[in-house]
Amino acid sequence: MCRNTKVFIDNSINVTGIEISKTAIELARQNGLNISIFHGSVTDMPFDNKLYDSIFCYALIHLLNNHERDKFIKDCYNRLKPNGYMIFTTISKEVQMFGKVKQLGKAYFEIMEGVKMFFYDSDSIKQEFGKYGRIEFSEIVEPHKNMENKPPFKFIMIKCQKEL
């Protein structure tokens, strides 16, 4: 949570977070992060009645199952102010591991014991996000830190704008 909120806080943006791990919340507090943080899962949204200018979700949505993803996207959209944005980064089908692990469903895999992941492409983005305002998406290539010999992660950034 700390690394994902810092850029917003450093630019004087008021941040509210959701964190499932009490330990992560405690570490955030110990590191001087003085923001509103709801303890719980994003699948339990909404936590308040506020509407937000934007919602940012980094590398999380692909860890949810189909029902959880549908609910989460809808809940985020419903928490946006008119003309607000929701921005998600998610894993792409273009990553090296895609299709090389145990398949559970269409583009849904168990990548290791107990860790399930949905891999996005342009069609699945349009299908899951299509009814939530104007959509843009682009690829992000993120190298492994301190592991130059490993192939980079390939993410997709999805941006939806709620209509007025």
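The values are calculated or read from the model by the stated rules, or taken from the named source; none is laboratory data. Since the model is a prediction, treat every value here as computed from it, not as a measurement. Every residue, glycine as well, gets a Cβ built from its backbone with ideal geometry; the counts of neighbours run over all protein chains shown.
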Open item on the list: Take the residues in region 108-161 that are under 17 Å from the mean Cα position of the chain (by Cα) and part of a loop (DSSP other than H, G, I, E, B); name whichever of them is nearest to Tyr52 (Cα to Cα).
Closed with: Tyr132
Task: Subset of region 42-73 that is among the aromatic types (Phe, Trp, Tyr) and in contact with a Leu (Cβ under 9 Å, 6 or more places away or on another chain) - its residue that is surrounded by the most Cβ atoms within 10 Å (Cβ to Cβ) - done: Phe72
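Residue-by-condition table, conditions (1) in a helix (DSSP H, G or I); (2) closer than 27 Å to Phe137 by Cα; (3) small (Gly, Ala, Ser):
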residue	(1), (2), (3)
Ile9	yes, yes, no
Gly17	no, yes, yes
Thr23	yes, no, no
Lys50	no, yes, no
Ser54	no, yes, yes
Asp70	yes, yes, no
Ile73	yes, yes, no
Cys76	yes, yes, no
Lys81	no, yes, no
Open item on the list: Let me spell it out: the conditions are (1) over 25 Å from Gly17 (Cβ atoms); (2) modelled with pLDDT of 95 or more; (3) assigned to a strand (DSSP E or B), and Tyr85 meets all of them except one. Which number is the exception?
Closed with: (1)
Open item on the list: Here is a check on your reading of the model: is Ser21 among the hydroxyl-bearing types (Ser, Thr, Tyr) and surrounded by 14 or more Cβ atoms within 10 Å (Cβ to Cβ)?
Closed with: no
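Only one of Ile18, Ile91 is in contact with a His (Cβ under 7 Å, 6 or more places away or on another chain) and within 27 Å of Ile135 (Cβ to Cβ); which?
Ile91
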Task: Selected residue (criterion: surrounded by the fewest Cβ atoms within 10 Å (Cβ to Cβ)) from residues of region 79-132 that are under 21 Å from Lys150 (Cβ atoms) and of a type in the set (Gly, Ala, Ser) - done: Gly99
- [ ] Pull up region 89-104, narrow it to residues that are of a type in the set (A, V, I, L, M, F, W, C) and assigned to a strand (DSSP E or B), then point me to the one that is farthest from the chain's Cα centre (by Cα).
- [x] Leu104
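To keep it simple, each residue is scored yes or no on (1) more than 20 Å from Leu80 (Cβ to Cβ); (2) within 18 Å of the chain's Cα centre (by Cα); (3) surrounded by 13 or more Cβ atoms within 10 Å (Cβ to Cβ).
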position	(1), (2), (3)
Phe8	no, yes, yes
Asn11	no, no, no
Asn14	no, no, no
Gly17	no, yes, yes
Leu27	yes, no, yes
Gly32	yes, no, no
Ser36	no, no, no
Gly40	no, yes, no
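Kindly indicate whether Leu27 is over 23 Å from Ile135 (Cα atoms) and in a helix (DSSP H, G or I).
Yes; evaluated as a whole, the condition is true for this residue.
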- [ ] Collect the residues in region 117-164 that are over 14 Å from Ser92 (Cα atoms) and in contact with a helix residue (DSSP H, G or I) (Cβ under 9 Å, 6 or more places away or on another chain), keeping them in residue-number order.
- [x] Glu128, Phe129, Lys131, Tyr132, Gly133, Ile135, Cys160, Lys162
